[in-house]
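Trainee: Here it is, the structure, as C-alpha cells.
The values are calculated or read from the model by the stated rules, or taken from the named source; none is laboratory data. Treat the numbers as computed from the prediction; the structure is a model and nothing was measured. As a convention, Cβ positions derive from the backbone with ideal geometry for all residues, glycine included, and neighbour counts pool all protein chains shown.
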Amino acid sequence: MPRRHSDPSRTRGRRFRERIFRGLTLLALVLVVGPAAWILIGVVARAVPHWQWSVLVTPTSGVGGGLSQDIVGTLVLMLGVLVVAGTLGVLAGIYLSEMAKPRRNGRPGAVLFRSATEVLSGVPSITLGFVAYVALVVGLHWGFSLLPAVLVLSVMVLPYIAKSTETALAQVPTGYREGAEALGMSPAYSLRKIVIRSAIPGVVTGLLLALAIAGGETAPLLLTAGNTSSYPTGQLLHQPIGYLTYPVWTFYNYPSDQAHYLAYDAALILIVLVMALLIVSRVIVARTQRHSEGGGG
Amino acid sequence: MALIGRDTGDVPVSPPDDATRRTVVFRRVADFGRSNESGFWKSAGWLAAALPLAALTFTVVILVVKAWPSILVNGGGFLTGSAWKPGNTYGATAHTHGVAHPLGSSYGAWALIVGTLQTSAIAVVLALPLSIGAAFALTERLPSWMARPLAFAVEILAGIPSVIIGLWGVLTLGPFLAQHVYPAIADHMPDVPVLRYFRNPVGHGEGLATSGIVLALMIVPIITATTRDLFVQVPALPKEGATALGMTDSEVARRVTIPWVRSGIIGATVLGLGRALGETIAVAMISGAALNTIAPNIYGTMGTIAAAIVTQLDSAYTDGTGFAVSALAEAALVLAVITIAANVIARTIITRTSRNGAPVGRAL
C-alpha cells in the first residue's frame, strides 16, 4: 500500500485533478456572478445614455413621455402588500411559531396550516394570477384594478413573510422568554413587549425582501392590474393601476426607439428600487448581528 | 402603564382623577383588550395562519371548476395532443358532452408540457454543478473579504425581477449566443443520434436553449444559497480527518462534504426546479412563445404552459363560449399539479433528512 501511494505518477495525477477542481469551482463562481454583473451593467449602460429626469415626473403618453404613473402605481401596490400581507403574514408567523408549536401533535390544524403555507409558496405566480383574473377581475366584475392586484401579490408573498417571521421568532433567545415569565408577565404580554420586539429586525428583513419580490413581479399583475397612463386615485375597483414591470414587458419589442428607452428606463428604476430594498435589509441584518455580539448574547 | 394585565389584580398606578374619569370608556375598552389579549392573538393568528390553506383551496377549486368543460371535451387528448386550436370563434357553436365550444376547436397541451419539462431540465442540469461549484468556492476556497461581496452578488441575482432578466435574455444574451456560441457548437456536432439534436439551424437566439440557460441563471441563486448554508454546517472534524488521511481538497469535497449534505442539495434543486417550471415572463419573452411546436433541435422556438397562459388569456376571452378559457384553466391546473408535486417531493426530502436549511420556494 505505501508503495502505491508514493507512486510519483499517481501523485502527479492527483495534483493535476486538484488543480482542475479548484479551477472549476472558481469558474462556476464566475459563471454565476458574471451574468448578474452583465445584466446589471447591460441595463444601466443602455438606460443611462438616454436618461432624462423628466421620466420620473411625466406620465406615459403612447410610447413616449415618462413613467411617473407606473412608479406611483408600484409604490401604491407595495404599500398595499405591506399592509395586507405584512399584517397577515406576521400574524400567521407568530401563530405558527408561538401558539401552534407546543401542542403541535394535539392540533392537526397547525401541521395542516404549515404544510399549506409551504405548498402555497411553490404555486407558480401565473397560476395565482390566472385564478385572480378568472374569479375576481372577470367573475366578480371587479375589472383590472388595485384590489385584485394587491390581493394576488399578498397571497404570493404571504408564505414568505410567515416563514421569515417564524424563523425570526425562533431565534429569540430563550432567556428573554424565561425572564419575562419569571417577572410574572402573561404569555401574550411578554409576546407583545419582549419577544416580538427582539425579533423585529428579522421580521423587517423578511418584509423588505417580500416587497422586493412583489415590486418585481409581472405575470400576475398583467392579469389583475391592467395598465393605464393616469395616476392611481386610491379607487380600489374598476380602475386599472400602472406598475413598472409593464413598460418593460410591453415596450421591449415595439419598433420605436422611444419605446425601447422607456423599457430600459423602467428596468433601471426597478433595479434601483430592488437593490435599495436588498441593501437596506442587508444593513439591518449586519447591524443586529453586531448588536447581539456587543450585547453579549 | 396603568395596568399590567389581569394577573396583577387591576390596580391602577395612580388614583382616578378628573382626567382619567373622562376617559373611562376608553380605559374599559383597553382593559378589556388587555385581559383578553391572549385570546386576541390566538384568534387573529389562527385566521391569518388559515389563509394560505384557504387561498390554496380557492385556487384549486376555481381551477377545477373552470377546467371542467375542457376536461369533459378534450379528455385524455389534452395531455397527449399538441394541437392548440381555438376553432372559429365567430362561427357556429358545437356541443360535445353538453359543453358548448366553437366548431373546430381542440386543445392539446403536449407541446407545452414538453416545453415546460425541457426548459426546466436544461435549467437544472446547468444550474446544479454551477451552484455546487460556486457554493464550494464561496465557503471553502475564498477568504471572507472576497466571499462576502460575492455572496451578496448571488443574492442580487436572485432579486433581479424576472422581466428584466427576460429583457436581457431576449435582447442581449440570445443574439450573443446565436452569433458566437451556438454556431461554434452546431457546426462541429456529428450527425449521430442524440448529438444531432445540437446541429443547425441555430435560429436567432429565441428558443429552448436560451430559455433553459436563462432559467438556470434564475434558479442558481436558490440552489447556491442553500448549498452554501449546508456546507457551512458540515462539521470541521470529518473534513480535517479526511485531510489528515492524505485526501486532497477535491477528494474531501467529493467524499465527505457533498455526501454529508446530499439530501439538502437535492431538496434545494427540486425547489429550483419548481421555480423553473412556473417561471412565466422571462420564458414568454425568450422562448418564442409558440403554442403547437415542440422544438426540432435544442435551439428551436417552443412554448411553456406558463408562457402560454400569459400570452393567450386575452385572446381566449374572445371565445364567447368560454371554452378557450377553460382550456387555459386546465393547462394551469396541469402546471399547478406538476409544480406542487415537485415541491412536495423537495419538502419531503429536506424534512426527512435535515432539520436545517429548508428554504422558501420563491427567489431571494
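Trainee: Within region A:28-85, how many residues turn out to be in contact (Cβ under 8 Å) with a residue 12 or more places away in the chain, within 13 Å of chain B (Cβ to nearest Cβ) and in contact with a Pro (Cβ under 8 Å, 6 or more places away or on another chain)?
Mentor: 1
Trainee: Does A:Pro159 meet the test of being more than 7 Å from chain B (Cβ to nearest Cβ), buried (at least 23 other Cβ atoms within 10 Å of the Cβ), touching a residue at least 24 places away in the same chain (Cβ under 8 Å) and in a helix (DSSP H, G or I)?
Mentor: no
Trainee: What's the total number of residues in region A:230-246 that are touching a Ser or Thr at 6+ places or on another chain (Cβ under 7 Å) and under 22 Å from B:Ile281 (Cα atoms)?
Mentor: 6
Trainee: Oh, and also: From the list B:Ala216, B:Ala242, which residue is within 12 Å of chain A (Cβ to nearest Cβ) and out of contact with any Pro (no Cβ under 7 Å at 6 or more places or on another chain)?
Mentor: So the residue among B:Ala216, B:Ala242 that is within 12 Å of chain A (Cβ to nearest Cβ) and out of contact with any Pro (no Cβ under 7 Å at 6 or more places or on another chain) is B:Ala216.
Conditions (1) under 20 Å from B:Leu335 (Cβ atoms); (2) surrounded by 18 or more Cβ atoms within 10 Å (Cβ to Cβ), marked per residue:
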position	(1), (2)
B:Ala48	no, yes
B:Val60	yes, no
B:Leu63	yes, yes
B:Ile71	yes, yes
B:Thr80	yes, no
B:Leu103	no, no
B:Gly108	yes, yes
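Trainee: To continue, here is another question. Starting from region B:145-166, take each residue that is without any contact (Cβ under 8 Å) to a residue 24 or more places away in the chain and list its partners that are of a type in the set (Gly, Ala, Ser) and buried (at least 17 other Cβ atoms within 10 Å of the Cβ), counting only C-beta distances under 7 angstrom and pairs at least six apart or across chains.
Mentor: Pairs found: B:Ala153/A:Ala36; B:Ile156/A:Ala36; B:Pro161/A:Gly216; B:Ile164/A:Ala267.
Trainee: Ok, one more. In the list A:Gly34, A:Gly89, A:Gly42, which residue meets the criterion of being part of a helix (DSSP H, G or I), buried (at least 20 other Cβ atoms within 10 Å of the Cβ) and within 26 Å of the chain's Cα centre (by Cα)?
Mentor: After ruling out the rest, the residue left standing is A:Gly89.
Trainee: Do we have A:Gly109 as assigned by TED's automatic domain parsing to the domain that holds A:Leu236, modelled with pLDDT of 90 or more and either over 30 Å from B:Ala329 (Cα atoms) or assigned to a helix (DSSP H, G or I) (or both) here?
Mentor: no
Trainee: Which one of the conditions (1) more than 8 Å from chain B (Cβ to nearest Cβ); (2) at pLDDT below 90 does A:Ser121 fail to meet, given that it meets all the rest?
Mentor: Tallying (1) more than 8 Å from chain B (Cβ to nearest Cβ); (2) at pLDDT below 90, A:Ser121 fails exactly one: (1).
Trainee: Tally up the residues in region A:165-178 that are part of a helix (DSSP H, G or I) and either modelled with pLDDT of 90 or more or within 19 Å of A:Ala100 (Cα to Cα) (or both), please.
Mentor: 9
Trainee: Can I ask one more? What helices (runs of 4 or more DSSP H), lying completely within region B:15-80, carry at least 1 residues that are of a type in the set (Asp, Glu) and modelled with pLDDT under 80?
Mentor: Hits in region B:15-80: B:18-22, B:24-35, B:37-74.
Trainee: Still on this structure, please answer the following. Which condition number in (1) aliphatic (A, V, I, L, M); (2) surrounded by 21 or more Cβ atoms within 10 Å (Cβ to Cβ); (3) closer than 23 Å to B:Pro102 by Cβ is the one that B:Val334 fails?
Mentor: (2)
Trainee: Could you list, in sequence order, all residues of region B:253-297 that are surrounded by fewer than 20 Cβ atoms within 10 Å (Cβ to Cβ), of a type in the set (Val, Ile, Thr) and under 23 Å from the mean Cα position of the chain (by Cα)?
Mentor: Once the filter is applied, which keeps residues that are surrounded by fewer than 20 Cβ atoms within 10 Å (Cβ to Cβ), of a type in the set (Val, Ile, Thr) and under 23 Å from the mean Cα position of the chain (by Cα), region B:253-297 yields B:Ile266, B:Ile294.
Trainee: Can you name the number of the only condition in (1) touching a Leu at 6+ places or on another chain (Cβ under 7 Å); (2) at the interface with chain B (Cβ under 10 Å from one of its Cβ atoms) that A:Ser164 fails?
Mentor: (1)
Trainee: Of the conditions (1) more than 12 Å from chain B (Cβ to nearest Cβ); (2) free of Cβ contacts under 8 Å to residues at least 12 places away in the same chain, A:Val138 fails just one. Which one is it?
Mentor: (1)
Trainee: Another question about this same structure. Only one residue in B:Ala147, B:Ala135, B:Ala153, B:Ala158 is at pLDDT 90 or above and out of contact with any His (no Cβ under 9 Å at 6 or more places or on another chain), so which one is that?
Mentor: Being at pLDDT 90 or above and out of contact with any His (no Cβ under 9 Å at 6 or more places or on another chain) holds for just one of B:Ala147, B:Ala135, B:Ala153, B:Ala158, which is B:Ala135.
Trainee: State which residue pairs qualify: first residue of a type in the set (Lys, Arg) and inside region B:106-129, second residue in a helix (DSSP H, G or I) in any location, beta carbons under 6 Å apart, and separation of 6 or more residues or different chains.
Mentor: Cβ pairs passing all conditions: none.
Trainee: May I ask you to say which residue of B:Ala147, B:Ala123, B:Ala184 is assigned by TED's automatic domain parsing to the domain that holds B:Ile258, crowded, with 18+ Cβ neighbours inside 10 Å and assigned to a helix (DSSP H, G or I)?
Mentor: It is B:Ala123.
Trainee: Does B:Pro86 satisfy being over 30 Å from B:Ala158 (Cβ atoms) and not polar (S, T, N, Q)?
Mentor: Spelling it out, B:Pro86 is indeed over 30 Å from B:Ala158 (Cβ atoms) and not polar (S, T, N, Q).
Trainee: Taking region A:45-68 on its own, how many of its residues are assigned to a helix (DSSP H, G or I) and not β-branched (Val, Ile, Thr)?
Mentor: Residues that pass the stated criteria total 9.
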